[in-house]
Amino acid sequence: MGNVPSKLKVIVTYGETTVEFDGSPNTVLVSINNFLSKQIPAIDIANRITVSYSISDLIDLFEDYIKITPEGSRVWKINKKISDKFVIGLQLVAAKISYESGKLLSSMLSLGDLESSTGLKSKSISSRLSEMVRPGYVEKDTGENGVKYGITTQGVYWLSESLTKIPGSK
């Protein structure tokens, strides 16, 4: 190959992170060493504080309260006395599950959607939603299709923790 310097190319995959290094063997070696010593601990630390709920996690957390029926996702509160705020939160979780499983086009619900799916009065829903938006449990989106609401990651955590404190729940 004559006087053409050899170029090394290495791809390192760690979890969901993939990094490509190329250059002289010495440059690649130094880059890989820096990545392993500095970036991987940072990735591990970030993963320890990352909160995300998969559809499987949501089902595991709320299977006693939510059912997906031919009529849509519903809060199933048979023999359970839960507050309107929890019913609304659960309905938003049910919408999120339905959306992530491809049964709904959006995880966000309007006031009317919540009224028809929960059977609660719109004034009560509106008041409870305001209480849930303030601490960040529910997000409010004002778009071209009107105002819609969706459960946040923090809301999922709050709801899960709150429901476990109800006597007779998991």
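Rounded to the nearest 10 degrees, the angle from helix 84-100 to the longest Cα principal axis of the chain is 50 degrees. All other residues with a Cβ under 13 Å from the Cβ of I11 taken together, and with Lys, Arg as +1 and Asp, Glu as -1, what is their net charge? That works out to -1.
Close amide H partners of T152, meaning residues 5 or more places away or on another chain with modelled amide H under 5 Å apart, are V138, E139. Ranking I88, I66, G143 by Cα position along the charge dipole of segment 1-155, where only Lys, Arg, Asp and Glu carry charges on their C-beta atoms, puts I88 farthest toward the positive end. Near G146: Cβ cut-off under 14 Å, other residues only, Lys/Arg at +1 and Asp/Glu at -1. The net charge is -2. The value of relative contact order for segment 11-83, using C-alpha pairs under 8 Å at least six residues apart, is 12 percent.
Tell me, Kirkwood radius of the chain from alpha-carbon pair distances, in Å? Result for the chain, one decimal place: 19.2 Å. Annotation: amide H of I66 within the under-5 Å range of W76, sequence separation 5 or more or interchain, hydrogens built in the peptide plane. When only Cα pairs below 8 angstrom with a gap of at least 6 residues are kept, the chain shows a relative contact order of 15 percent. Applying both filters, DSSP loop and at most 10 other Cβ atoms within 10 Å, to the GluC sites (Glu not before Pro) of segment 113-170 gives E144.
A short reminder: the numbers here are calculations on the coordinates, not readings from a lab. All values reported here derive from a predicted model rather than from experimental measurement. Positions of Cβ are generated from backbone atoms using ideal geometry, with glycine treated the same way; all protein chains shown enter the neighbour counts.
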